[in-house]
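Notes follow once the structure below has been shown.
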Amino acid sequence: MSHRRILHAADIHLDSPLQKLDAYEDAPVDEIREASRRALENMTDLAIEEQVDLVVIAGDLYDGDWPDQNTGLFFVKQATRLVNEKIHVAVIRGNHDAANKMTSNLPLPKNPDGSDILLSEKKVDQRVLEDLGIVIHGRSYAKRAETGDMAAEYPSPIGGMFNLGILHTGLSGLDGHDPYAPCSPQQLADKGYDYWALGHIHLRGEHQIKGTAPVVFSGNIQGRHIRESGPKGCILVDVDARNQTQRRFVPLDVVRFETFDANAGEWSHTDELMDAYEDWMNDQLQLAEDRLLVTRVILSGESRLHHQWMREQSNLEASLRATSVTHGHGQVWLERLKIKTSAEADRSNTEQHDANQEGPLQSILSVVEELKSSGGDSEWMANELSPLLKKLPTEFSGDQAPIRLDNTEERHEWIEAATTELLARLQGGKR
Ligand SMILES: [Mn+2]
């Protein structure tokens, strides 16, 4: 068997809803809404251009049940283009598009050999592609929460062929991910396959044990929000006559998300922030090529500009937005500004100074410590603060995500911010 080429993609989340982006000012809503379709189109174009033999989609092709039939129809069109070019397609369902979650479906085109594109959710589906010397092992999710050991069901490899495993999994213990189909890289290595095409984790990465078959998350093909930043795309896998692989990443995204995470400690004028943002934006534009660039600015560190920025928050955001327009060649949209700076206030001095003293500042610090160490009793805080939050004028919360009092980390951030502000005001003259 000579050279073969496989395209590995996952987590397309076709037509996934905008994550409240339309609530922001001047958001390029249409471009972002269309992005998952354009990226999938790019994937099809790439597969045809690169004359791949097989396209693999490792779960979460859909974000959930379709808003209408057009979502399904869009994939039917792309799949048809592929099979018409004699490209084999293998798709598994993930937690988002598990068999029991999808009430609608449309007839899909058949593969060049007459087989179904979609792999079974009842058992591990094995597809032998005789012409290519490839055997596919893969199973769709029957239900959303497949928490059992799915990998254990995968059969032994077939000798003399390129054995490809497709699995939608969070592996074991990857932070912040639902523990679906948990398994370890060792367990996958022990199967003796030649390549594991994984889906579910949107961050691209390889997790194999040295000297064993590649275990690869291709990541999603298009970032969906600011936390899914950087280039997104697929992996092209070249398989040689000895079933060894060469892998390369190819970007497919049409909208790029990037965060400007700046320590404001050194700056004494807002102009310095503007200059730094502009420089950063120019670098990002080069990397993004002709894509739309969505940016978020996060300012942190102790800054002498803290109070000024807190007072003029919306004005500062508008200035950054203006810079994005004037220097962004019509390609940059600032999603939001987050100010996480603290005042240059002598909080630490206060603590040292008053460590063994009685006094109003010490009392405040004790209350703060108590609030934080009691795990910031969320029920108590919710009861105290909810009536106040309701009274806030809408322009305050207009473009902000709602304050989530049930989130410990967020609660601590609010307590910290309030403490800094309060101490600075009480100490006076620190502005
Ligand atoms: Mn998933």
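Quick look at the numbers
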quantity	calculated
For Leu132, net neighbour charge (Lys/Arg +1, Asp/Glu -1) across residues whose Cβ lies under 14 Å away	-3
Only Lys, Arg (+1) and Asp, Glu (-1) charged, at Cβ; the chain dipole about Cα centre in debye	1140 debye
Carbon and sulfur %, accessible surface of the chain computed with the full protein complex present, 1.4 Å	48 percent
³J(HN,Hα) computed for each position of the range 41-46 - Karplus, 6.51 cos²θ - 1.76 cosθ + 1.60, integer Hz, glycine/proline x	4, 4, 4, 5, 4, 4
Global form of the range 256-344, assessed from the alpha-carbon gyration tensor, a/c cut-off 1.5	prolate
Heavy-atom surface of the chain, accessible at 1.4 Å and reported per residue (Å²)	49 Å²
The chain: antiparallel DSSP beta bridges as a percent of all, rounded to 5	30 percent
Burial order of peptide ranges 82-90, 364-372, 118-126 (average beta-carbon count within 10 Å, highest first)	82-90, 118-126, 364-372
Long-range HN-HN contacts of Val89 with modeled amide H, under 5 Å	Val55
Rg/Rh for the chain, where both radii come from Cα atoms and Rh is the Kirkwood radius	1.05
Value at 222 nm in deg cm²/dmol, rounded to 500, when DSSP H runs of n ≥ 4 in the chain each add -39,500 (n - 2.57)	-10500 deg cm²/dmol
Cut-off 14 Å between beta-carbons: net charge of the residues surrounding Pro109, Lys and Arg +1, Asp and Glu -1	+1
Relative packing of 148-161, 192-205, 91-104, 284-297, which averages over residues the other C-beta atoms within 10 Å, highest first	192-205, 91-104, 284-297, 148-161
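The values are calculated or read from the model by the stated rules, or taken from the named source; none is laboratory data. Computed from a prediction, not measured in an experiment: that's the story for all the values here. Cβ atoms come from the backbone with ideal geometry, glycine included; neighbour counts cover every protein chain shown. These area figures cover heavy atoms from the full protein model, side chains too; ligands, DNA and RNA do not enter into them. Shrake-Rupley method; radii C 1.70, N 1.55, O 1.52, S 1.80 Å.
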